Amino acid sequence: MTKAEVPGSGTTDERGEQTGEQLVPAVSRATRVLETLVQQSAGATLTELAKRCALAKSTASVLLRTMVVEGLVVYDQETRRYNLGPLLVEFGVAAIARTSAVAASRTYMEWLAERTELACLAIQPMPDGHFTAIAKIESRKAVKVTIEVGSRFDRTTPLISRLAAAWPGRGRPGPVSFPDSELEQLRAQGYGAVYGEYRPELNVLGVPVFDRDGVPCLFIALLGMGDDLTVEGVAGIADYLVTASREISSRIGGHIPADYPTPAGAPDLDAGRG
């Protein structure tokens, strides 16, 4: 949701049109602090946070003290560093549980992971254009993929950025530019795959899940190491992933674009799930 879509985010004139935003600066500052700490696994000092968040040091100090009291942030006396607080764990678990796309996806993710023995990841586009992994089903393989829930990917990340660009949404940061031929191919096949673009040994296959506006609100990805996911292997499971995309989108009331493919002889994902 963009600022323009936030209820009450602006005043209205006599015609009922918005004339300006009415947002709370302290909330915006706290959000910047939390976003910075998400990206700093070792935490950050007061000086570092003030600089990174473009805050006066005195303002940052008062804000951080309040956030510590509320449990949003913790402070280590020895290192003099701040980090994410325990209350955020509760918030995060509740938010994921209430995200309808994730709830609808989990059964399909478990089924796909069981059938392929690959790790299955749900990745959500965020308002500022980056992507965050919000759910994962572990691989059945002995060698595990190390991408974890909470991992952040920038807007140029391989595959996901291309899938987002193939079905762009209104009110979001403009997608990264890709050749039209590449995006047309993604739309025609309904999925994308990359080999060694994240790191040499990691291959990824992914599809979008569509919201009510026909815009991707989630991406489901299968991750394999080396020969665990090959070009030949992708051909064998792509129809299952595309079918899962259609079924998940339908379950959350999403609008599936008219040009999104329906695999010939689409597999029955309910068969054998119990």
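The values are calculated or read from the model by the stated rules, or taken from the named source; none is laboratory data. Bear in mind that the values here come from a model prediction, so they are computed numbers and not experimental data. No Cβ is skipped: glycine too gets one built from the backbone with ideal geometry, and neighbour counts run over all protein chains shown. What goes into the accessible areas is simple: the full protein's heavy atoms, side chains included, and nothing from ligands, DNA or RNA. Shrake-Rupley method; radii C 1.70, N 1.55, O 1.52, S 1.80 Å.
Taking L37, is it of a type outside the set (V, I, T), crowded, with 16+ Cβ neighbours inside 10 Å and part of a helix (DSSP H, G or I)? Break it down into steps so the answer makes sense when it comes.
Working: of a type outside the set (V, I, T): yes; crowded, with 16+ Cβ neighbours inside 10 Å: yes; part of a helix (DSSP H, G or I): yes.
When the stated conditions are applied, L37 passes them.
Could you list all residues from the range 115-140 that are among the hydrophobic types (A, V, I, L, M, F, W, C) and over 15 Å from I220 (Cβ atoms)?
Just the residues of the range 115-140 that are among the hydrophobic types (A, V, I, L, M, F, W, C), to begin with: 118-123, 126, 131, 133-135, 137.
M126, the sole residue that qualifies.
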For the range 122-140, does any single residue satisfy the condition of being modelled with pLDDT of 90 or more, in a strand (DSSP E or B), under 22 Å from P158 (Cβ atoms) and of a type in the set (D, E, K, R)? yes
By residue number, the members of the range 1-50 that are of a type in the set (A, V, I, L, M, F, W, C) and modelled with pLDDT under 50 are M1, A4, V6
Please work out if R199 is without any contact (Cβ under 8 Å) to a residue 12 or more places away in the chain and basic (K, R). yes
Mind listing whichever residues of the range 204-229 are touching a Cys at 6+ places or on another chain (Cβ under 6 Å) and open to solvent by 10 Å² or more (accessible area, probe 1.4 Å)? D211
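Only one of A142, A60 is farther than 22 Å from P208 by Cβ, small (G, A, S) and open to solvent by 60 Å² or more (accessible area, probe 1.4 Å); which? It would help to see each step written out before you state the result.
Details: A60 fails: open to solvent by 60 Å² or more (accessible area, probe 1.4 Å).
After applying the criteria, what remains is A142.
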Tell me which of these V194 doesn't satisfy, since it passes every other one: (1) touching a strand residue (DSSP E or B) at 6+ places or on another chain (Cβ under 6 Å); (2) more than 22 Å from G236 (Cα to Cα); (3) among the β-branched types (V, I, T). (2)
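Considering the range 71-92 alone, what residues qualify as being within 18 Å of L49 (Cα to Cα), assigned to a loop (DSSP other than H, G, I, E, B) and either in contact with a Gly (Cβ under 9 Å, 6 or more places away or on another chain) or of a type in the set (F, W, Y) (or both)?
First pass over the range 71-92, keeping only residues within 18 Å of L49 (Cα to Cα): 71-85.
Pick out the ones that are also assigned to a loop (DSSP other than H, G, I, E, B) and you get 71-72, 77-80, 85.
Within the range 71-92, G71, L72, T79, G85 qualify.
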